[in-house]
Structures are given as structure tokens and as C-alpha cells.
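Heads up, the thing below is written out as C-alpha cells.
The values are calculated or read from the model by the stated rules, or taken from the named source; none is laboratory data. Given the structure is predicted, the values throughout are model-derived calculations rather than measurements. Methodologically, a virtual Cβ is constructed for each residue, glycine included, from the backbone with ideal geometry; neighbour enumeration extends over all protein chains shown.
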Amino acid sequence: MDFSNYFPVWDKLTAQQQHTIRSVSEFRSVPSGTLLHDGSPNCLGLLLVRSGQLRAYLLSDEGREITICRFFEMDICMFSASCVMPDMQFDILVEAEKDTEIWIIPACLYQNLMEESVAVANYSRNLITNHFSEVMWLMEQVMWKSFDKRLAKFLIEESVVEDSLSLKLTHEKIANHLGTAREVVTRMLRYFQNEGMVKLTRGSVDITDEKRLRVLGDI
């Protein structure tokens, strides 16, 4: 599909604005594992996902990661445009979880669009609100929900994303998503295995009792 199909308020832009955004935006194909934004104040710009999968996450001083949210086809990520989100108090990193195709809209151009277009400004405010909601939801999960429930919910959500009950996930990768130590993940997965909910093999987790995991994860 064309760029215009991925930008929700495209029809609200003037012909000149459409021409400018087409001519300035960069299309890029990035392999899995590429770090697109390192959390620095530098503004990369908005990321429109054409295909693939992005991950936004926080990184502690001790090197521990925790996933905030993911972005899929036709999603827009503003975490990489911190200057457009002046109230953002977190240093958020963005990486490609899979081979991904994106358009990058320079932050300076997007700021101008927000000033010129009421439709773009309103859409951006809603997007920023949604992004902050993701952060707040994550904080609530970490503070109030037990780890067994968080892990069960993560495994079910991952199976939906991958459309498979056989998940190619290392314990380290799960720990990075959930913001905990690998040893904690290993112990809980072994408990799940003893309870017959999963089967563990090297580099993968196979869900064997989806119903019980859903109940445990409050899904």
C-alpha cells in the first residue's frame, strides 16, 4: 500500500503538505535487532510501520529492560520523537523485533504540521495520550500484579501475535520484556511446566494448556 494509506489524517492535509511529507519522509528497511532510537534527547522522528514489528522499552541503570509496548503494521510510534512529546520524562528505546519496513517522518516537519493542521494536532494529542496510557498501564502491572499472572498474560499475548502455541523465546528475552531477572523467569516457567501449562525446550516455550494460562493471566 501507498504511504497515504498508513497516515490516518492524510486526507485532512493540503496538497502542499502532502507533497512535503512525501518528499521529506524516509523509507527504510531494517533487520531484526536494529536499535532505531537509543533514548537520547535527539529526535529521530515519527515511525510509521509498513511491515514487521517494533518494540519500545525502558532500560535501567543496571541494564535491565522492560517492554512498554509493541508496534505492528499501520501503527505509528512517537516515542522516537521526544521533542514532539515535551512532557515525556522517560528515556525510551525503540528497536526492530523483526525485519521491519518503516517510514520516518522528521520531527521538525511533524511539529510544523501540528501547528498548521488542527486535524494533525488532535490526532497527535490522542496518540500521545495513548502512549502515556501504555506507560501507566505498565507501571500498574509491575506494581500490583503478581509475576505468575504477568508471565501467563505475556505468553498468551505472544501466542496471539505469532499465531502459534509454540513460541521461539529464550528465558532472557522474556525477562527483558517483563523487566525481571532471567532466573525469576526460569523458576516460574519450570513451575508452569510442572503444572502442565507449558513444555520447555531449548530456546522455546510450548503452551500445552492455553485455557489455564488464560485464567491465570485474567484474559
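Quick notes
- Residue match in segment 71-78 (condition: of a type in the set (Phe, Trp, Tyr), over 14 Å from residue 127 (Cβ atoms) and in contact with a strand residue (DSSP E or B) (Cβ under 9 Å, 6 or more places away or on another chain)): yes
- Residue count for segment 194-219 satisfying the condition of being under 16 Å from residue 168 (Cα atoms), out of contact with any Phe, Trp or Tyr (no Cβ under 6 Å at 6 or more places or on another chain) and not basic (Lys, Arg): 8.
- Residue list for segment 126-185, restricted to those being of a type in the set (S, T, N, Q), surrounded by 14 or more Cβ atoms within 10 Å (Cβ to Cβ) and assigned to a loop (DSSP other than H, G, I, E, B): 170, 180
- Residue count, segment 99-122 (criterion: aromatic (Phe, Trp, Tyr) and at pLDDT below 90): 1
- Filter pass, residue 219 being on the phi < 0 side of the Ramachandran plot and either touching a Pro at 6+ places or on another chain (Cβ under 6 Å) or not in a helix (DSSP H, G or I) (or both): yes
Results for (1) over 13 Å from the mean Cα position of the chain (by Cα); (2) within 21 Å of residue 8 (Cβ to Cβ); (3) not assigned by TED's automatic domain parsing to the domain that holds residue 168, shown as yes or no for each residue.
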| residue | (1), (2), (3) |
| --- | --- |
| 76 | no, yes, yes |
| 96 | no, no, yes |
| 99 | yes, no, yes |
| 128 | yes, yes, yes |
| 138 | no, no, yes |
| 149 | yes, no, no |
| 153 | yes, no, no |
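- Cβ pairs under 8 Å, 6+ apart, first in segment 14-26 and touching a residue at least 12 places away in the same chain (Cβ under 8 Å) and not assigned by TED's automatic domain parsing to the domain that holds residue 114, second exposed (fewer than 14 other Cβ atoms within 10 Å of the Cβ) and small (Gly, Ala, Ser): none
- Boolean, residue 38 is without any contact (Cβ under 8 Å) to a residue 24 or more places away in the chain, surrounded by fewer than 19 Cβ atoms within 10 Å (Cβ to Cβ) and not aliphatic (A, V, I, L, M): no
- Per-region count, segment 1-38, residues in a helix (DSSP H, G or I) and either on the phi > 0 side of the Ramachandran plot or among the acidic types (Asp, Glu) (or both): 1
- Tally of residues being surrounded by 18 or more Cβ atoms within 10 Å (Cβ to Cβ) and in a helix (DSSP H, G or I) across segment 104-122: 4
- Looking at 25, 51, 80, 29, just one residue is crowded, with 18+ Cβ neighbours inside 10 Å, more than 19 Å from residue 129 (Cα to Cα) and of a type outside the set (A, V, I, L, M, F, W, C), and that residue is 25.
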